[in-house]
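Below is one structure, written out as structure tokens; comments come after it.
The values are calculated or read from the model by the stated rules, or taken from the named source; none is laboratory data. Treat the numbers as computed from the prediction; the structure is a model and nothing was measured. Ideal geometry is used to build each Cβ from the backbone, glycine not excepted, and the neighbour counts take in all protein chains shown. Calculation scope for accessible area: heavy atoms of the full protein, side chains included, ligands and nucleic acids excluded. Shrake-Rupley method; radii C 1.70, N 1.55, O 1.52, S 1.80 Å.
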Amino acid sequence: MGCSGCRVRLNFGKALSRVSVFLTMVLIFTYFFYCLTGFCDSVPRTLYSQGALEGDYDTLDDRRRILEERRPRLFPPRNRSASADAQQVDAAGGLAQRMLEPEGTPSNGIPVSNTFGTKRFPQAIIIGVKKGGTRALLEFLRVHPDVRAFGAEPHFFDRFYDKGLEWYRNLMPRTLDGQITMEKTPSYFVTKEAPGRVCTMNCQTKLIVVVRDPVTRAVSDYTQTLSKNPGLPSFQSLALKNSSTGLVDTTWSAVRIGLYAKHLENWLQHFPLSHFLFVSGERLVSDPAGEMGRVQDFLGLKRVVSDKHFYFNQTKGFPCLKKPEGSSRPRCLGKSKGRPHPQIPSEVLQRLRDFYRPFNHRFYQMSGQDFGWD
Ligand SMILES: Nc1ncnc2c1ncn2[C@@H]1O[C@H](COP(=O)(O)OS(=O)(=O)O)[C@@H](OP(=O)(O)O)[C@H]1O
């Protein structure tokens with residue numbers, strides 16, 4: 001009797017250990033399955049929190065973008081144009097072949113492979129300027145089937161450089177052969193160390209600078225700071241050292257960022273002029289399709305984004321996308337883009353215009369383009 005009780009306990013113990021082994025196997029299998037499908041990639045969460053803190057863009061939009069980035073774009077969003085569809089069919093058609101081939105090895109020799117595409121360093125970066133229209137440009141570019149971009153601002157070459165290049169590459173969306181990886185961080189343009197660091201990654205990187213009248217840009221910059229800090233002193237008290245002398249305070253970042261010639265000089269120490277494209281922030285609003293034509297040519301892309309992608313939204317007062325990436329509904333940029341500016345006394349604006357004139361002319365000379373700001 002006693003022994004049969006022992007046997008029952010023994011059998012129960014064995015069954016229990018088998019069940020626990022089975023459950024452990026299921027757990028391990030599930031983990032590996034998720035890793036294989038790319039869900040275990042290390043995601044630098046601090047950056048996402050950082051992005052949300054920026055407040056420069058719609059946070060909800062950004063979460064959507066981050067989720068979108070984790071999914072390689074193999075198929076077009078619904079309702080794409082016929083020509084875009086044709087390109088996507090090509091991309092998907094080539095996919096089966098590529099999956100049979102050895103995984104891609106990026107130029108620096110470290111392979112980063114997975115089932116659907118490869119995380120690559122950006123071949124093109126929108127480096128500036130803050131409040132120039134950089135978000136609009138990136139969102140317009142993302143409509144292109146051959147462009148994949150990181151949605152938030154990674155700030156790698158200014159704030160997070162010590163995290164290392166692999167951290168940076170891991171942020172990027174996966175791309176298929178022929179697709180371009182991009183990101184935008186407008187503060188790179190005014191960061192002294194950024195050009196050398198970008199060149200360390202790849203000296204062939206294409207650099208896009210969206211420039212806007214530095215006076216309007218400064219007011220836009222001020223408007224953004226004011227929205228976060230309503231107790232901010234007046235624009236004129238920050239822009240001018242002394243209202244009677246009218247001396248401009250170049251230590252104020254809203255003023256300093258507008259010295260485009262000075263910042264470009266720093267970049268030209270590391271990159272030839274041919275690596276730059278200067279986009280007019282003003283024309284990006286008045287003629288988005290025209291400016292996008294230049295951008296696509298510079299990036300070596302087929303001119304897919306055209307006037308049929310835009311409509312002018314009367315309420316917003318800006319061009320908006322008829323079908324943004326990943327959506328079939330029209331969408332304008334968020335509330336923080338294209339907001340009304342406070343009224344600034346005309347003599348203060350005139351003083352700033354006079355101050356910027358020689359710097360603007362120098363910039364026109366360096367870039368070979370007259371932006372007509374005065
Ligand atoms: N299509 C469209 N919709 C809305 N806004 C547009 C558009 N195109 C350009 N802009 C201008 O972009 C300005 C903001 O520039 P950035 O995106 O570079 O700002 S940021 O540096 O990322 O904060 C923003 O500046 P403000 O007008 O001062 O808000 C806009 O003038």
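Within the option set Thr205, Thr191, Thr216, Thr225, being open to solvent by less than 10 Å² (accessible area, probe 1.4 Å) and among the hydroxyl-bearing types (Ser, Thr, Tyr) holds for one residue only, Thr205. The set of residues in segment 228-252 that are open to solvent by 50 Å² or more (accessible area, probe 1.4 Å), in contact (Cβ under 8 Å) with a residue 12 or more places away in the chain and within 21 Å of Ser346 (Cβ to Cβ) contains only Gln236.
Residue-by-condition table, conditions (1) under 25 Å from Gly258 (Cβ atoms); (2) open to solvent by 30 Å² or more (accessible area, probe 1.4 Å); (3) not aromatic (Phe, Trp, Tyr):
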position: Asp146; (1), (2), (3): no, yes, yes
position: Asp158; (1), (2), (3): yes, yes, yes
position: Asp162; (1), (2), (3): no, yes, yes
position: Met172; (1), (2), (3): no, no, yes
position: Glu183; (1), (2), (3): yes, no, yes
position: Pro186; (1), (2), (3): yes, no, yes
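The condition of being within 16 Å of the ligand (Cβ to nearest atom), open to solvent by less than 30 Å² (accessible area, probe 1.4 Å) and of a type in the set (Ser, Thr, Tyr) holds for Tyr260. In this structure, is Ile344 within 12 Å of the ligand (Cβ to nearest atom), open to solvent by 10 Å² or more (accessible area, probe 1.4 Å), under 29 Å from Ser234 (Cβ atoms) and not small (Gly, Ala, Ser)? Answer is no for this residue.
Could you tell me whether segment 166-186 includes any residue that is in contact with a His (Cβ under 8 Å, 6 or more places away or on another chain) and within 16 Å of the ligand (Cβ to nearest atom)?
Looking only at segment 166-186, we keep the residues that are in contact with a His (Cβ under 8 Å, 6 or more places away or on another chain), and these are 185.
From what's left, within 16 Å of the ligand (Cβ to nearest atom): 185.
Checking segment 166-186: at least one residue is in contact with a His (Cβ under 8 Å, 6 or more places away or on another chain) and within 16 Å of the ligand (Cβ to nearest atom).
Restricted to segment 309-340, and to residues there that are surrounded by 15 or more Cβ atoms within 10 Å (Cβ to Cβ) and among the aromatic types (Phe, Trp, Tyr), the residue that is nearest to the ligand (Cβ to nearest atom) is Phe318.
For segment 265-308, a residue qualifies if it is surrounded by 15 or more Cβ atoms within 10 Å (Cβ to Cβ), among the hydroxyl-bearing types (Ser, Thr, Tyr) and over 19 Å from Arg212 (Cβ atoms), and exactly one does: Ser306.
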